[in-house]
């Protein structure tokens with residue numbers, strides 16, 4: 001079987017977990033001798049050659065193709081009506097929208113004659129890139145007929161998947177790694193929600209990374225449950241990491257590592273820290289990462305008068321991430337809504353016991369961890385205190401957690417995915 | 001007697017280097033030597049050296065009829081010795097003329113007066129020793145507290161230390177209808193005379209001099225002397241208190257600030273009956289007209305003239321309280337490096353950087369801060385303080 005896959009990023013050029021998951025999935029597919037054509041907005045040249053890569057920036061759109069015009073009409077509608085422009089103030093935003101609405105009459109012509117240079121990032125032209133990427137998807141689907149099924153990862157690639165399906169008539173699978181409800185709670189960005197909804201509805205089948213995510217697809221996007229299959233993520237490397245990095249402070253360390261945003265629930269970690277410190281002053285808490293709630297967390301830590309026991313590291317990269325896991329005695333992931341959440345598995349690899357929220361997909365596969373509701377700061381404090389003081393349970397978690405990790409293999413995920421493909425193709429035949 | 005009293009504050013903090021969480025427990029050196037040296041050497045070229053030489057020239061030209069006072073913080077004296085010995089020499093030359101008065105303050109430009117009498121006294125004594133050692137046995141008679149912070153209680157402590165006078169801000173909310181151009185006395189101990197900054201005339205020079213959107217721009221010596229002459233005849237003293245970096249650093253040379261100062265004495269001598277005096281001369285010559293009541297501390301900072309530039313938000317209070325919790329343990333420690341860091345960590349600037357009053361005086365704060373945001377400042381300070389606490393605990397259990 002040959003799969004035409006649309007992604008947005010690929011290692012080593014990644015900014016989140018999406019690229020890593022795609023990489024793992026393709027590795028798994030290779031184990032089962034499944035061929036993958038993998039399209040990304042921008043190829044850098046240093047990607048590991050695990051798939052038949054297509055660089056979207058190198059694809060020329062054939063303007064003679066009449067069907068593109070119809071596609072493009074829908075896409076410009078999407079582009080002009082969405083303005084997904086993160087990190088802009090009101091003034092800059094107005095300038096941007098004025099430009100997009102009044103000065104863009106030329107785009108219709110130019111887009112059909114040139115290649116489009118994608119940044120492949122998540123910048124201010126994101127929506128523009130998403131719609132151009134869809135056109136590229138259509139072009140590829142028209143040009144090559146050597147694939148059996150289309151597979152699109154997350155909303156950025158859904159329009160490309162839909163376009164490819166329309167051009168080729170081949171079945172489409174959309175893979176939900178996260179939804180707008182995870183990222184933004186109830187205050188969803190409507191254009192993004194619209195794309196997600198359109199993608200899930202246009203798809204022949206939906207793959208969700210957890211039961212939690214499947215439930216969201218069903219409840220919030222109106223997808224029938226039988227159309228959604230849960231395929232949990234796996235880990236690329238389940239080996240235990242022995243670090244020689246030593247901590248320099250005498251106290252035990254409890255760590256939060258991730259983006260400091262609404263989705264990750266940092267405020268619950270802060271409140272739980274206060275409760276623990278009141279009972280046991282010989283603990284340090286670390287919040288590693290950055291995000292829009294960082295300053296609010298700093299303020300709260302000061303207000304709770306625990307500034308010498310609660311530390312902020314800023315954004316960590318490279319070895320520092322490993323060092324942070326290595327010196328942690330407990331790792332906490334209090335996410336409010338986490339479709340999967342790979343970080344706790346990294347902690348397990350460092351023999352660090354973990355506490356995860358029940359509102360995370362990883363809780364469905366990792367059994368040797370303490371699971372709490374993200375909002376239950378008393379339970380979180382109890383769990384932290386317990387793991388720090390009762391060595392038996394911490395030891396058990398690290399030993400059994402390591403065994404569990406070994407079972408989470410991408411080849412198993414790929415095998416299940418192939419079954420999903422086969423079922424769809426069988427239904428069509 | 002009608003007289004003008006100039007006092008200049010000379011201070012630079014020991015700024016912290018970027019100190020990461022991973023450094024806690026391992027790296028015990030906190031100071032950003034590169035930045036601190038650069039600041040001292042840059043400001044030396046723009047301000048300290050040219051202004052010192054101008055003052056020396058004026059003192060010699062008027063044969064001592066022109067005079068000024070300095071308060072030089074201990075952290076600045078330390079940094080001059082380390083990074084700019086030529087600047088230190090030029091200050092020593094000025095003091096040697098006999099027409100430049102030095103004031104005492106806390107050694108590390110600390111806020112200790114608000115927290116601990118013991119620590120406050122210790123830091124004042126340390127500054128006294130330092131001034132004595134560096135300026136040929138000099139012994140100041142008048143005191144200025146960090147950022148002109150003053151209250152009835154602080155004044156009483158300063159009187160207890162034996163000073164005859166103390167400087168502070170002529171804050172509107174404590175003066176009411178009264179004028180800053182008289183000598184007052186401390187409400188608890190009448191032996192301590194209090195000199196109040198005339199903030200309008202001081203800030204005309206320090207803040208507004210180069211501001212071409214100011215209605216009175218440009219400020220000339222003639223204009224300034226006219227303002228002095230327009231003051232009620234019975235008011236005896238005009239206290240012009242300002243940061244020394246006003247000259248050449250806050251107001252660049254291009255604004256003409258050096259020329260203004262070069263010609264000001266001549267204009268005052270020829271067009272008015274004002275003289276120049278140092279704070280101790282004012283204190284000796286004038287009797288207080290009344291007590292001044294300052295139940296809650298005032299300072300010379302921001303529009304509020306209160307403590308909110310350094311204390312008041314949760315981050316500042318947290319940093320401040322955690323630091324002074326260590327005082328008891330510090331008393332038993334002899335390690336000179338720990339004691340040095342204890343002093344430098346008290347410097348008010350660290351708390352100033354954590355100020356979040358963005359909307360009124362935030363721009364001034366930003367100008368002086370090496371950090372992007374007050375949050376960065378807090379995180380960095382707390383990381384350092386966490387390591388310092390570990391060292392203090394280790395040293396006190398030895």
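The values are calculated or read from the model by the stated rules, or taken from the named source; none is laboratory data. Source: prediction; values computed, not measured. Neighbour counts run over all protein chains shown; Cβ positions are idealised from the backbone, glycine included.
Just a few scattered comments:
- When the stretch B:308-345 is filtered for residues that are under 15 Å from residue B:16 (Cβ atoms) and either touching a strand residue (DSSP E or B) at 6+ places or on another chain (Cβ under 8 Å) or surrounded by fewer than 17 Cβ atoms within 10 Å (Cβ to Cβ) (or both), the ones remaining, listed by number, are B:340, B:343, B:344.
- Residue match in the stretch B:65-78 (condition: within 30 Å of residue B:2 (Cβ to Cβ) and over 20 Å from the mean Cα position of the chain (by Cα)): yes
- Matching residues in the stretch A:1-29 - criterion: being free of Cβ contacts under 8 Å to residues at least 40 places away in the same chain and surrounded by fewer than 17 Cβ atoms within 10 Å (Cβ to Cβ): A:11, A:12, A:14, A:16
- Test: residue A:355 is away from every other protein chain (no Cβ under 14 Å) and modelled with pLDDT of 95 or more: yes
- Matching residues, the stretch A:213-230, being crowded, with 20+ Cβ neighbours inside 10 Å, touching a strand residue (DSSP E or B) at 6+ places or on another chain (Cβ under 7 Å) and either more than 26 Å from residue A:366 (Cα to Cα) or touching a residue at least 60 places away in the same chain (Cβ under 8 Å) (or both): A:213, A:223
- Selection of strands (runs of 3 or more DSSP E) fully inside the stretch B:132-217 by the criterion of at least 2 residues being in contact with a helix residue (DSSP H, G or I) (Cβ under 7 Å, 6 or more places away or on another chain) and within 23 Å of residue B:309 (Cβ to Cβ) returns B:165-169, B:193-197.
- Here residue A:307 meets each of (1) within 14 Å of chain B (Cβ to nearest Cβ); (2) out of contact with any strand residue (DSSP E or B) (no Cβ under 6 Å at 6 or more places or on another chain); (3) surrounded by fewer than 23 Cβ atoms within 10 Å (Cβ to Cβ); (4) closer than 29 Å to residue A:244 by Cα with one exception, condition (3).
- Residue B:90 touching a residue at least 40 places away in the same chain (Cβ under 8 Å) and surrounded by fewer than 22 Cβ atoms within 10 Å (Cβ to Cβ): yes
- Taken over the stretch A:30-41, residues that are more than 12 Å from residue A:5 (Cβ to Cβ), touching a residue at least 12 places away in the same chain (Cβ under 8 Å) and surrounded by fewer than 19 Cβ atoms within 10 Å (Cβ to Cβ) amount to 3.
- Within this structure, residue A:223 fails the test of being under 23 Å from the mean Cα position of the chain (by Cα), in a loop (DSSP other than H, G, I, E, B) and within 14 Å of another protein chain (Cβ to nearest Cβ).
- Hey, residue A:195 touching a helix residue (DSSP H, G or I) at 6+ places or on another chain (Cβ under 7 Å), without any contact (Cβ under 8 Å) to a residue 24 or more places away in the chain, crowded, with 18+ Cβ neighbours inside 10 Å and more than 14 Å from residue A:360 (Cα to Cα) or not: no
- For the stretch A:272-292, residues that are within 12 Å of chain B (Cβ to nearest Cβ) and surrounded by fewer than 18 Cβ atoms within 10 Å (Cβ to Cβ) total 3.
- Failed condition for residue B:24, given (1) farther than 28 Å from residue A:311 by Cβ; (2) touching a helix residue (DSSP H, G or I) at 6+ places or on another chain (Cβ under 8 Å): (1)
- Among the numbered conditions (1) buried (at least 19 other Cβ atoms within 10 Å of the Cβ); (2) on the phi > 0 side of the Ramachandran plot; (3) facing another protein chain (nearest Cβ under 9 Å), the only one that residue A:265 does not meet is (3).
- Complete set of residues in the stretch A:408-429 that are outside any helix (DSSP H, G or I) and farther than 23 Å from residue A:363 by Cβ: A:429
- Selected residue (criterion: nearest to the other protein chains (Cβ to nearest Cβ)) from residues of the stretch B:371-386 that are surrounded by fewer than 21 Cβ atoms within 10 Å (Cβ to Cβ) and within 28 Å of residue B:330 (Cα to Cα): B:375
- When residues of the stretch A:312-344 are limited to those that are crowded, with 23+ Cβ neighbours inside 10 Å and at the interface with chain B (Cβ under 9 Å from one of its Cβ atoms), the one nearest to residue A:374 (Cα to Cα): A:312
- Identification of helices (runs of 4 or more DSSP H) wholly contained in the stretch B:299-395 with 3 or more residues that are within 22 Å of residue A:302 (Cα to Cα) and free of Cβ contacts under 8 Å to residues at least 60 places away in the same chain yields B:314-324, B:362-368.
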